[in-house]
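The values are calculated or read from the model by the stated rules, or taken from the named source; none is laboratory data. In this text, all values refer to a predicted model and were calculated from it rather than measured experimentally. Methodologically, a virtual Cβ is constructed for each residue, glycine included, from the backbone with ideal geometry; neighbour enumeration extends over all protein chains shown. Areas reflect the complete protein model, heavy atoms only, side chains present, ligands, DNA and RNA absent. Shrake-Rupley method; radii C 1.70, N 1.55, O 1.52, S 1.80 Å.
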Amino acid sequence: MDEIEIPQYFICPISLQIMKDPVTAVTGITYDRESIEQWLKTAKDTICPVTKQVLPSSSCLTPNHTLRRLIQAWSTENASGGIDRVPTPKSPLCKSRLLKLIRELEVPGLYVNALKKLQVLAKDNSKFMEEAGVPKAMVLLLIRCCNQSKTIGVEQALRILYLTWTPSGEIKAAVNENHRIIDCLTWIQGCDIANPVVVKTLAMQVLKRVIEAANTRLLEKLKPEFMEEMLRVLKLKFSQQATKSALQILIQVCLWGRNRSKIVQANAMFELVELELEKPEKNITELIFNLLAHLCSCADGRAEFLSHAGSIAMVAKRILRVSPATDDQAVHIFSLISKNAATKEVLSEMLRVGAVTKLCMVIQADCSTYLKQKAREVLRPHSNIWNNSPCIAVYLLTRYQ
């Protein structure tokens, strides 16, 4: 291969390699498409590398078909010398083609076929499709399907929206201008649809992103039915990813307006404790404890938490067994309970099920200073009740005293 002389005009000025997809810039210089596109994305000053003339980042790159055919013919002739044949590149995605497919989504007889084509394109062209307005088109299509109670095309639309989603201003505007998308994604959870586990899991993943993009006004207006549907997803446990998404959504929305109370009123405490009693994976446990800590910060949340016979025991058992994040939230839950709901019955229950013992162990374990101090703050106000109890081993109390 070293003995074969490569024609100079086959070489890309940037990569200094044989061009596979030669394109000509507005300055008249030909480059390999991959090299010049990367240059335009990353260069501080978008100038033509050869002529040093200004080259707009949105500059049109014209395929040089004649040169590509010459390179292919030459590489074929020299294949015996170790030259790899240059394959014919795929045609670059054209914005006009995307806009045509988006228009076809409005036509009843064409939208399913248009969705199939867009799904294929979305795998490798997500950024370009986002700029062309495909995510917004999917939002509008899903809302239309919901309004008409039609499920045909819902899976493809969800997949395209998931693949082309970027945290940009455009998608945030689309969500906040079309707030019905939240109702639509919630509707999917309850409807009879083909391939239900995949579709409903995908809908939960998209809903999580929608909630992250939604503005405060939209989040504060969430209905109690929304909270009930998220808890139903937790109860059904049709996939781990859906469970994780539902927990993340509830953690996100409980920070706004009266959502915390709405979640509690939907019987969240019972469902969360029951879910944790089934010993889920670590990342699910961390999310459950995060949400429990948020909900215990309000009076009705603490009351509902304590109404479950196994809640205190479950939290105590998880301390020092799952992760530092779980320990932090568990001690915080006990702190909220001991400060705001420390009745004689509650204090006796904490002692009986080992919560006090675990708090003593936190102080002696290899935990953060912050967590040790938090445990002391829970123990100190009630030390006169707990100190002389035979439920706590003497060696645990020695260092605490």
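Between GLU3 and THR216, the simple spin-label model (points 7 angstrom out along Cα→Cβ) gives 7.6 nm.
Mind telling me which of ALA203, ALA309, ALA114 comes out most flexible in a GNM of the chain, alpha-carbon contacts under 10 Å? Most flexible of the set in this elastic network: ALA309. Other residues within the sphere of radius under 15 Å centred on the Cβ of ARG209, judged by their own Cβ, net out at +2 (K and R +1, D and E -1).
For the stretch 59-76 and the stretch 319-338, what is the separation of their Cα centres, given in Å? Their Cα centres are 64 Å away from one another. Taking all protein chains together and rolling a 1.4 Å probe, PHE226 ends up with roughly 10 Å² accessible. Couplings for the stretch 285-291, taken from phi via the Karplus curve 6.51 cos²θ - 1.76 cosθ + 1.60 with θ = phi - 60°, read 4, 4, 5, 4, 5, 4, 5 Hz in order; Gly and Pro are left as x.
For the stretch 72-137, count the residues as N, evaluate 2.2 N^0.38 Å, and divide the Cα radius of gyration by that value, please.
Ratio of Cα Rg to 2.2 N^0.38 Å: 1.65.
Rounded if a/c is under 1.5, else prolate if a/b beats b/c, else oblate: with a ≥ b ≥ c from the C-alpha gyration tensor eigenvalues square-rooted, which is the stretch 184-274? Verdict is oblate for the stretch 184-274. At 1.4 Å probe size, with every protein chain present, just tell me what the per residue accessible area of the chain comes to in Å². Result: 51 Å² of accessible area for each residue. Residue by residue, the stretch 74-80 carries 3J(HN,Hα) couplings of 5, 5, 5, 5, 9, 4, 5 Hz when phi is fed to the Karplus relation 6.51 cos²θ - 1.76 cosθ + 1.60 (θ = phi - 60°); x denotes Gly or Pro.
Would you work out if the stretch 218-346 is rounded, prolate or oblate? Take a ≥ b ≥ c from the square roots of the eigenvalues of the alpha-carbon gyration tensor; rounded if a/c is under 1.5, else prolate when a/b is larger than b/c, oblate otherwise. Taking the square roots of the gyration eigenvalues as a ≥ b ≥ c, the stretch 218-346 is oblate. Out of the total accessible area of the chain (probe 1.4 Å, heavy atoms of protein only), what percent is carbon and sulfur? Carbon plus sulfur share of accessible area: 52 percent.
Residue-normalised convex hull volume from the C-alpha trace of the stretch 8-78: 75 Å³ per residue. Rounded to the nearest 10 Å², what accessible area does TRP256 have for a 1.4 Å probe in the complete protein model? TRP256 exposes around 90 Å² with every protein chain in place. Three principal axis extents of the stretch 23-142 based on alpha-carbon atoms, in descending order, are 53, 39, 20 Å. Taken about its Cα centre, the chain carries a charge dipole of roughly 860 debye when the Cβ of each Lys and Arg holds +1 and the Cβ of each Asp and Glu holds -1. Using the Karplus relation 6.51 cos²θ - 1.76 cosθ + 1.60 with θ = phi - 60°, the per-residue 3J(HN,Hα) values for the stretch 28-44 come to x, 8, 9, 10, 6, 3, 4, 5, 6, 5, 5, 4, 5, 6, 10, 5, 5 Hz, with x marking Gly and Pro. Dividing the Cα radius of gyration of the chain by 2.2 N^0.38 Å, with N the residue count, gives 1.40. Any chance you could give the angle, 0 to 90 degrees and rounded to 10, that helix 196-213 forms with the longest Cα principal axis of the chain? With rounding to tens, the tilt is 90 degrees. Taking amide H as placed 1.01 Å from N in the peptide plane, the amide H of ILE47 sits under 5 Å from that of LEU55, each at least 5 places away or on another chain. Once the Cα atoms are used to define both axes, helix 180-190 deviates from the longest principal axis of the chain by about 70 degrees.
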